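J.: This is the structure I want to talk about, given as structure tokens.
Read-outs: derived from the displayed coordinates by stated rules, not from any lab. Just so we're clear, the structure is a prediction, and the values are computed from it rather than from any experiment. We place every Cβ from the backbone using ideal geometry, glycine too, and count neighbours over all the protein chains shown.
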Amino acid sequence: MVVSEQHDVFGKRLRMVKESKIAFVASDMPVAQTARAALISRFGNVSEAEADVIVALGGDGFMLQTLHRTHDLRAAVYGMNRGTVGFLMNEYSETDLLDRLGEAHEEVINPLSMKAQCVDGSMHQGLAINEVSLLRAGPQAAKLKITIDGRLRLQELVCDGAIVATPAGSTAYNYSAHGPILPIGSDVLALTAVAAFRPRRWRGALLPKTANVRFDVLDAEKRPVRADADSRWAENVLWVEIMSEPSIAHRILFDPGHGLEERLIREQFE
């Protein structure tokens, strides 16, 4: 009975997928553009605004661009890897796309919001699905003061930079800087130092997802720092505030057994 019910649910979902409108988008790479043309000839194509599902063809960078561009649309995004890195992507295949969409499960992730003031007085805002990073922009190490939820936690961090990463982004730059890998359902953020010089042994902290993180740049004229929210830069910042943005939900589709949760666990054993 249970097997029969599961089969009926899958069958109904697959029928819905076959009736769905799909938008195919691709990076500028020739292999991605070729794949898009082949898929459109087989399944047709609609605009992103009309779509029930958006299929993104490229690497993780293009997937991030697609998620940022479409977060206010109703369609979930299903990525297929036609780039060099594909942590957020599924394997590429043309023949069984509708079956895979019917079986795919959904992950919902919230981005980080970044607000920064620069030395010239200008204000910058951005959203980051992976991480917000502060990096020194001159020959001398950065000096950062760290405040969490209005409480001073570190008077002076001398470093090449610092990262606040989401669980989805914890295997990216954060992991390269020896930060922790975070399970998707953990509701925490990773605060990771990049080449910390003082305190020399400080490697960062785990923070609740609701935390408001503020960095003040000490001696900003002499030790310039730039802030980056998923490759959107603010130069010569004085301070940066970072927090999770629960009002924005990115919906990503993954093949069974290859979702973010599984990938995050697998990454730690490779």
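J.: For the stretch 112-244, report the % of Cα-Cα distances exceeding 23 Å. Before the final figure, lay out the partial values.
T.: Values: 1950 of 8778 pairs.
Result for the distance tail: 22 percent.
J.: Find the centroid of the Cα atoms in the stretch 44-102 and in the stretch 221-268, then give the distance between the two in whole Å.
T.: Going from one Cα centre to the other spans 19 Å.
J.: Okay, moving on. Enter the Cα centre distance for the pair the stretch 180-206 and the stretch 135-172, rounded to the nearest angstrom.
T.: 9 Å
J.: Which whole-Hz ³J(HN,Hα) couplings does the stretch 116-123 yield from phi under the Karplus relation 6.51 cos²θ - 1.76 cosθ + 1.60, θ = phi - 60°, glycine and proline marked x?
T.: 9, 10, 9, 4, 7, x, 6, 10
J.: Considering Cα pairs under 8 angstrom that are at least six residues apart, work out the relative contact order of the chain and quote it in whole percent.
T.: Details: 607 pairs, mean separation 53.6, N = 270.
Normalised by residue count, the contact order of the chain is 20 percent.
J.: May I pose another question? Of V213, V164, V77, which has the largest mean-square fluctuation in a 10 Å C-alpha GNM of the chain?
T.: V213
J.: Could you list the trypsin sites (Lys or Arg not before Pro) in the stretch 62-91 that lie in coil according to DSSP, counting only those with at most 16 other Cβ atoms within 10 Å of their Cβ? Don't skip to the answer; put the middle values down first.
T.: Values: sites: R69, R74, R82; in loops: R74, R82.
Passing both the DSSP loop test and the Cβ count: R74.
J.: Quick one: how many lysine pairs in the chain have C-alpha atoms under 23 angstrom apart, if they're 8 or more apart or on different chains?
T.: Lysine pairs meeting both conditions in the chain amount to 8.
J.: Looking at the chain, what % of the alpha carbon pairs are farther apart than 27 Å?
T.: Details: 15946 of 36315 pairs.
For the chain, the fraction of Cα-Cα distances above 27 Å is 44 percent.
J.: Amide H neighbours of F87 under 5 Å, counting only residues 5+ apart in sequence or on other chains, H built in-plane at 1.01 Å?
T.: Those lying under 5 Å, H to H, from F87 are D60.
J.: Determine the calculated [θ] at 222 nm for the chain from helices alone, applying -39500 (n - 2.57) to every DSSP H run no shorter than 4 residues and normalising by the residue count; nearest 500 deg cm²/dmol. Intermediate values should be presented prior to the final figure.
T.: On the way: 6 runs with 61 residues, N = 270.
That calculation yields -6500 deg cm²/dmol at 222 nm.
J.: Taking 2.2 N^0.38 Å as the expected size of a compact globular protein, what ratio does the Cα radius of gyration of the stretch 45-131 give against it, to two decimals? Don't jump to the answer; show the numbers that get you there.
T.: Numbers: Rg = 15.7 Å, N = 87, 2.2 N^0.38 = 12.0 Å.
Against the empirical 2.2 N^0.38 Å value, I get 1.31 for the stretch 45-131.
J.: Each residue of the stretch 157-168 in turn: what ³J(HN,Hα) in whole Hz from Karplus with 6.51, -1.76, 1.60 and θ = phi - 60°, glycine and Pro shown as x?
T.: Taking θ as phi minus 60°, the curve returns 10, 9, 6, 7, x, 8, 10, 10, 10, 7, x, 4 Hz for the stretch 157-168.
J.: Please check: in the Gaussian network model of the chain (C-alpha springs, under 10 Å), which one of D120, D52, D60 has the largest mean-square fluctuation.
T.: Maximum among the listed residues: D120.
J.: Computed FRET efficiency, Cβ-Cβ of A249 and D187, R0 25 Å: what is it to the nearest 0.05?
T.: Numbers: r = 14 Å, r/R0 = 0.57.
Once the sixth-power term is evaluated, E becomes 0.95.
J.: Expressed in nm to one decimal, what extension gain is obtained for the pair V46 and I265 from 0.36 nm per residue of sequence separation less their Cα-Cα distance?
T.: Full extension from V46 to I265 adds 75.3 nm.
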